[in-house]
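The values are calculated or read from the model by the stated rules, or taken from the named source; none is laboratory data. This one's a predicted model, so the numbers in the text were calculated from it and none came from an experiment. No Cβ is skipped: glycine too gets one built from the backbone with ideal geometry, and neighbour counts run over all protein chains shown.
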Amino acid sequence: MSDHAEPTGPGPSSDGPGTAAAGPPPALPAVGVPAEQALAEIRALRAADRPTHGGRLFAYVYDPAVPGLDELAGAAHGLSAHVNGLDPTAFPSLLAMENALVGAAATLLGGGPGGGAPEAVGSVTGGGTESLILAVKAARDAHPEIAEPRMVVPVSAHAAFAKAAHYLRVALDPVPVDKVTLRPAVAAVAAAIRPETVLVVCSAPSYAHGVVDPVEEIAAVAARAGVRCHVDACFGGWTLPYLRRLGRPVPAFDFSVDGVTSISVDLHKYAYAPKGVSVLLHRDPALRAPQYFAYADWPGYAMINPVVASTRSGGPIAAAYATLRHLGDAGYLELAGRTLEAVDRLADAVRGVDGLRLLAEPESTVVCFAADDPDLDLFTLVDELTARGWHTQPQMAYADLPASVHLTVTASVAPQAAGFGTDLADAVAAARAAGPVKLPDELLALASSLPPEALTPELVTGLAAGLGLTGGVGLPDRMAPVNTLLDAAPPALRERLLVEFVSLLQRPVY
Ligand SMILES: *Cc1c(COP(=O)(O)O)cnc(C)c1O
């Protein structure tokens, strides 16, 4: 093990993620390395990552490009990293900061004094998924008399609802979305509500397409049935109010709408806080009550958990607090303005290219486009954009919706956006010249017909090797063959394939 005391740690090779070399040394050397070396190893590993800053990565990261903000959030994170959110009486600093964050979110979203929900309360969670799991748990546990609870969820709602349903054994009643408006029909939502329904869901906006569901109408049918209505504003809860102030048409979606019982908003998205903070709001404390878990029937400390995690770092909470305090309302308004400018430029770029069309007119901070020409392969286009330094997110075809490309747009994109149009046109020309990905017919036939349970580890290893996905050493430069194969597979097989692929990647370093 002493060979790991080299002054420079091995990291990914400098020629990009496609050929990323061996990973890090084992995490526990016999004798510890100097602090500087440990940091150098992380830096070397980070070199293979997509760029979190610079406005050219349109998913996963939310970058306001505000000078000094990272340093501030990092310092705040450090101040509270070792504080434990498990016990608010031991660490009142976290309780105070959480209450401040929840108050800010509630005020922004039509709750709090002067809003439609003056008694709104909430919890700080570790992320959007946790907020949604807890919204579902609270709805389920409010009805212990319902043995087999169900929830009504438009198919455009975030996959985290399916995860919540899976974890909590709540059945899902999916409602299709219209292929033009990308919204569910209110009548279809109403028709899906049954006596066992404990929750109706809508999005403001949906992650995939950035469209806002008809919240007023959906909340009304839920209220009429006596069912909770959760508005998933994880993505857009921190921008829609500002977009409205900037003059964009934003329909009512928050606590100003009667019948909306809970709202989620991720601070690690458009509140521009570092990862690990979301807020789940309830219209009143009684609605929140079944969210809590308390347990005193063991010999240890009495446990009272409002959220899924028990021990929780104060780091993300303090970082979010510092970020909100520093940017302030005026800061967010300005950032929303810059983001809109970028959205408009990117959307214009898409409109200006033959063979592409906006899947939805942007009404929030997503630009989503599809190909309307069979000779233009979207997955090849995504690779061509990657080659030009633009990292976009491909979305597979679903029901009667075509495959599409998703762009999450943040304020940092504004200064980059002017260059996008030219690169998009070039990338489209290159994708047309390359032609659609041709996978062997047998492979495509297999993908469309193989029952998921027939997928053996050997078959997956063979497929992965055939597609250039050789476990543990990174991804190929061109993802189009992989995406084409996944796109050909029905969702159930796609899920199994992805699980097996990721399981191949997740192998310990010894
Ligand atoms: C991001 C997102 C989620 C899930 O949030 P995580 O923080 O990734 O767990 C849920 N809903 C919507 C609309 C989102 O955009």
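Of all residues in the range 309-327, which are assigned to a helix (DSSP H, G or I) and of a type outside the set (S, T, N, Q)?
Once the filter is applied, which keeps residues that are assigned to a helix (DSSP H, G or I) and of a type outside the set (S, T, N, Q), the range 309-327 yields G315, P316, I317, A318, A319, A320, Y321, A322, L324, R325, H326, L327.
Residue check, R478 against (1) crowded, with 16+ Cβ neighbours inside 10 Å; (2) outside any loop (DSSP other than H, G, I, E, B), all met but one. Which one?
(2)
Yes or no: P174 closer than 21 Å to A220 by Cα, without any contact (Cβ under 8 Å) to a residue 24 or more places away in the chain and either within 14 Å of the ligand (Cβ to nearest atom) or not in a helix (DSSP H, G or I) (or both)?
When the stated conditions are applied, P174 passes them.
Of A336, A318, which residue is closer than 17 Å to A100 by Cβ and in contact with a Ser or Thr (Cβ under 8 Å, 6 or more places away or on another chain)?
None of the other options fit; the residue is A318.
Somewhere in the range 158-168, is a residue free of Cβ contacts under 8 Å to residues at least 60 places away in the same chain, away from the ligand (no atom under 14 Å from the Cβ) and of a type in the set (A, V, I, L, M, F, W, C)?
yes
When residues of the range 125-141 are filtered for being of a type outside the set (K, R), over 18 Å from the mean Cα position of the chain (by Cα) and under 19 Å from V221 (Cα atoms), how many remain?
The qualifying residues number 1.
Based on this model, can you work out whether T181 counts as exposed (fewer than 14 other Cβ atoms within 10 Å of the Cβ), assigned by TED's automatic domain parsing to the domain that holds S131 and either over 21 Å from the mean Cα position of the chain (by Cα) or farther than 28 Å from Y270 by Cα (or both)?
Yes; evaluated as a whole, the condition is true for this residue.
Can you tell me which residues in the range 210-228 are of a type in the set (G, A, S) and within 15 Å of the ligand (Cβ to nearest atom)?
Restricting attention to the range 210-228, the residues satisfying the condition of being of a type in the set (G, A, S) are 210, 219-220, 222-223, 225-226.
Matches in the range 210-228: G210 only.
Kindly indicate which of V231, V250 is within 16 Å of the ligand (Cβ to nearest atom) and surrounded by fewer than 24 Cβ atoms within 10 Å (Cβ to Cβ).
V250
Hey, does the range 93-106 have a residue that's crowded, with 16+ Cβ neighbours inside 10 Å, of a type outside the set (A, V, I, L, M, F, W, C), over 26 Å from Y272 (Cα atoms) and more than 16 Å from the ligand (Cβ to nearest atom)?
No, the range 93-106 contains no residue that is crowded, with 16+ Cβ neighbours inside 10 Å, of a type outside the set (A, V, I, L, M, F, W, C), over 26 Å from Y272 (Cα atoms) and more than 16 Å from the ligand (Cβ to nearest atom).
Select from the range 141-170 the residues that are in a loop (DSSP other than H, G, I, E, B) and of a type in the set (V, I, T) and write down the one among them that is surrounded by the most Cβ atoms within 10 Å (Cβ to Cβ).
If we take residues in the range 141-170 being in a loop (DSSP other than H, G, I, E, B) and of a type in the set (V, I, T), then V170 is surrounded by the most Cβ atoms within 10 Å (Cβ to Cβ).
Of all residues in the range 196-209, count the ones that are more than 14 Å from the ligand (Cβ to nearest atom) and either free of Cβ contacts under 8 Å to residues at least 24 places away in the same chain or of a type in the set (S, T, N, Q) (or both).
Number of matching residues: 1.
For residues in the range 142-167 being among the small types (G, A, S) and within 22 Å of the chain's Cα centre (by Cα), which is nearest to S203 (Cα to Cα)? Working first, answer last.
Narrowing the range 142-167 to residues among the small types (G, A, S): 142, 147, 156-157, 159-160, 162, 164-165.
Adding the requirement that they be within 22 Å of the chain's Cα centre (by Cα) leaves 156-157, 159-160, 162, 164-165.
Details: S156: 8, A157: 6, A159: 12, A160: 12, A162: 14, A164: 16, A165: 17 Å.
Among residues in the range 142-167 that are among the small types (G, A, S) and within 22 Å of the chain's Cα centre (by Cα), the one nearest to S203 (Cα to Cα) is A157.
Determine whether the range 199-206 contains at least one residue that is more than 28 Å from G103 (Cα to Cα) and either crowded, with 16+ Cβ neighbours inside 10 Å or touching a Ser or Thr at 6+ places or on another chain (Cβ under 7 Å) (or both).
no
Report, by residue number, each residue of the range 107-155 that is of a type in the set (S, T, N, Q) and away from the ligand (no atom under 16 Å from the Cβ).
Once the filter is applied, which keeps residues that are of a type in the set (S, T, N, Q) and away from the ligand (no atom under 16 Å from the Cβ), the range 107-155 yields only T107.
Examine the range 291-301 for a residue that is free of Cβ contacts under 8 Å to residues at least 60 places away in the same chain and closer than 28 Å to Y207 by Cα, and state whether such a residue exists.
Within the range 291-301 (the criterion being free of Cβ contacts under 8 Å to residues at least 60 places away in the same chain and closer than 28 Å to Y207 by Cα), the answer is yes, since at least one residue qualifies.
Is it the case that some residue within the range 267-283 is surrounded by 21 or more Cβ atoms within 10 Å (Cβ to Cβ), away from the ligand (no atom under 15 Å from the Cβ) and in a helix (DSSP H, G or I)?
no
Could you pull out the residue among A330, A347 that is part of a helix (DSSP H, G or I), closer than 22 Å to F235 by Cβ and free of Cβ contacts under 8 Å to residues at least 40 places away in the same chain? Don't jump to the end; show me each part of the working.
On the way: A330 fails: closer than 22 Å to F235 by Cβ.
One residue alone meets the criteria, A347.
For the range 106-128, name all the residues that are assigned to a loop (DSSP other than H, G, I, E, B) and out of contact with any Cys (no Cβ under 9 Å at 6 or more places or on another chain).
L109, G110, G112, P113, G114, G115, G116, P118, E119, A120, G126
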